[in-house]
Amino acid sequence: MPPEYNPGVKPDLRKGRHMHFYLILILALAGVAVIFIIQNVAAVDVNFLFWTVSLSRALLIIFTLGIGFLLGWFLRSYYSYRNAKMRE
């Protein structure tokens, strides 16, 4: 028998329930993402300064969202670093 086996202790069933919840949540979000991509396949032209790029609307939204997350993360890191330096 494995050393962690103890017949007098019942397993924690809550862990399994949480895992099922997270699995269902991830599958639901993936389903919503697939529906979003299928509904936004139309090509759009993006003009920036001298460049013109043609890509699907879904990719444009995902890229914009990713750039926003990165900028927010970098700004938060910068302000956290600056505040830590000022406290020293």
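When the chain is fully extended, how far beyond the present Cα-Cα distance does Ala28 get from Phe48, taking 0.36 nm per residue of separation? Before the final figure, lay out each step's value.
Values: separation 20, 0.36 × 20 = 7.20 nm, distance 3.51 nm.
Stretched fully, the Ala28-Phe48 segment lengthens by 3.7 nm.
Where the only charges are on Cβ atoms (+1 Lys, Arg; -1 Asp, Glu), what is the dipole of the stretch 13-87 about its Cα centre, to the nearest 20 debye?
Numbers: 8 positive and 1 negative charges, 142 e Å.
In total the dipole reaches around 680 debye.
Given the options Leu27, Asn40, Ser54, identify the residue whose Cα lies farthest towards the positive end of the charge dipole of the stretch 13-87 (+1 on Cβ of Lys, Arg; -1 on Cβ of Asp, Glu).
Leu27
Spin-label point model (7 Å from Cα, Cβ direction): what's the Leu55 to Asn40 distance in nm?
1.2
Taken together, the values in this text are just the output of simple stated rules run on the coordinates, not laboratory data. This is a predicted model, so every value here is computed, not measured. For neighbour counting, all protein chains shown are included, and Cβ atoms are generated from backbone atoms with ideal geometry for every residue, glycine included.
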